[in-house]
Amino acid sequence: MKILVLNAGSSSQKSCLYDLDYDNNLPSLPPPPLWEGKVDWSHHQGVAEIEVETARGDKFTEEIATDSQSEVMSRLLDTICEGSTKVINKLADIDVVGHRVVHGGRKYRESTVINQSVKDAIAHLAKLAPAHNPANLAGIEAVENILGDIKQVAVFDTAFHSNIPDKAAIYPGPFEWTQQDIIRYGFHGIGHQYCSQRAADILGKDLMSLRLISCHLGNGCSLAAIKNARSVDTTMGFTPLEGLMMGSRSGSVDPGILIYLLQQDNYTVEQLDNILNKASGLKGISGISSDMRQIKAAISQGNYRAQLAFDIYVHRLRSNIGSMLGSLAGLDALIFTAGIGENSPEIRQAACEAFEFLGIKIDTDKNIHKPIDEDISTSDSAVKVLVIHTQENWQIARECYELIAHQV
Ligand code: AMP
């Protein structure tokens, strides 16, 4: 089965094509995709930079001066069946296209074959995810324009969290909020789900028997408490702004601050939105960057604000791990994933240090030697500590395969 995966954002897009032919269960680790394509609109306004690479190692790059996502997509997909990066004879050989869709709201609790009502729902939910759902929908419509009525599947970032019990999902505001769909949805679900299954495979255990905390620490950061193979609590909420301190997002702050700024300093809604999403977190505190690598470089130069940003990040990470522990009432493994989780031994060390009293111990040597999909805990640690390379595109392909395999 040929599955094209599309992860469409507002300023960039990642795609890959898998050819899956398995009689039994899919492997937990992804096979190399036949073809991978990236589009980046972020460097020059109105210019799309296309980068393509195949499993054979053939590469192709091009810049197209256009704002039309459909035009860029058409060019990108042509490289699958034309020129040096050709890997299949014709686009009609693709069986299914899987899309990452950030918000599935209350209704979409599983991956779903896309039809008009699913598209309408994704459009409607744009009010809850204005930075993501419109781009996801544009990707779906661009594929429709190019490939006609090919089967498409929406894989929702909120779905893995959709069984979170009411006591964790409902805000302690007025009850009427729940009727306005103001509840905690959680995000990064595709990555958390992949990591939980991969953790079970690494540990040689049945996922249903494990209590896990997955720490997705990238530009956006969230934790998920996982039990019985589902998320039972998470740190992001109604929007991806709640919870941990992030690259440029504040994470949770006292809502009274917003009332104060609105009343006392006449802030506009747009200003608040910009401050909380773009000028806070590591960037806001350090005044240097949202990138942890630059924060660490500045700390080594003795920069006070960079050190403060690092310290707040760790403090909030520890507190939120503590909160997830409370929801799980126990822990078998702690997982670190995404840009910071996979690449920063300092953050992993600092996070785990706070829980030494519970018997969590990491092997310093393993921690600093660039672990990938590895257990870095000591043999006598009460809890396993895993570093897992996140593979969201593979999880999307897997969801498509499971959903479609029996129908093709
Ligand atoms: P992601 O959103 O998963 O792509 O993560 C991106 C972030 O990961 C960057 O903004 C950095 O903060 C962080 N990152 C990437 N590489 C490293 C590294 N070697 N050390 C520390 N942080 C890193």
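Just a few scattered comments:
- Of everything in segment 193-208 that is among the aliphatic types (A, V, I, L, M) and surrounded by fewer than 24 Cβ atoms within 10 Å (Cβ to Cβ), the residue that is nearest to the ligand (Cβ to nearest atom) is I202.
- Of all residues in segment 297-322 being among the charged types (D, E, K, R) and either crowded, with 20+ Cβ neighbours inside 10 Å or closer than 21 Å to F355 by Cα (or both), the one that is farthest from the ligand (Cβ to nearest atom): R318
- Residues that are within 27 Å of G191 (Cα to Cα) and outside any loop (DSSP other than H, G, I, E, B), drawn from segment 73-115: M73, L76, L77, I80, V96, V97, G98, H99, R100, V101, T112, V113
- All positions within segment 174-192 that are part of a helix (DSSP H, G or I) and either within 16 Å of the ligand (Cβ to nearest atom) or small (G, A, S) (or both): G189, I190, G191, H192
- Count of segment 209-239 residues, restricted to those that are hydrophobic (A, V, I, L, M, F, W, C), under 14 Å from the mean Cα position of the chain (by Cα) and either more than 16 Å from the ligand (Cβ to nearest atom) or within 21 Å of R109 (Cα to Cα) (or both), is 3.
- For segment 155-173, the set of residues classified as outside any loop (DSSP other than H, G, I, E, B) and either hydrophobic (A, V, I, L, M, F, W, C) or free of Cβ contacts under 8 Å to residues at least 60 places away in the same chain (or both) consists of V155, F156, A159, F160, D166, K167, A168, A169, listed by residue number.
- V383 away from the ligand (no atom under 13 Å from the Cβ) and either among the hydrophobic types (A, V, I, L, M, F, W, C) or more than 17 Å from P27 (Cα to Cα) (or both): yes
- Residue ID - surrounded by the most Cβ atoms within 10 Å (Cβ to Cβ), chosen from residues in segment 386-408 that are in a loop (DSSP other than H, G, I, E, B) and within 16 Å of the ligand (Cβ to nearest atom): I388
- If you filter segment 278-296 down to residues that are more than 13 Å from L308 (Cβ to Cβ) and surrounded by fewer than 20 Cβ atoms within 10 Å (Cβ to Cβ), you find that the one that is farthest from the ligand (Cβ to nearest atom) is A279.
- Cβ-Cβ under 8 Å pairs, at least 6 apart or on other chains, segment 111-138 side at pLDDT 95 or above, far side in a loop (DSSP other than H, G, I, E, B) and surrounded by fewer than 16 Cβ atoms within 10 Å (Cβ to Cβ): A121/K107
The values are calculated or read from the model by the stated rules, or taken from the named source; none is laboratory data. What you see is a predicted model, and the numbers here were worked out from it, not measured in a lab. Note that we place each Cβ from the backbone using ideal geometry, even for glycine, and neighbour counts take in every protein chain shown.
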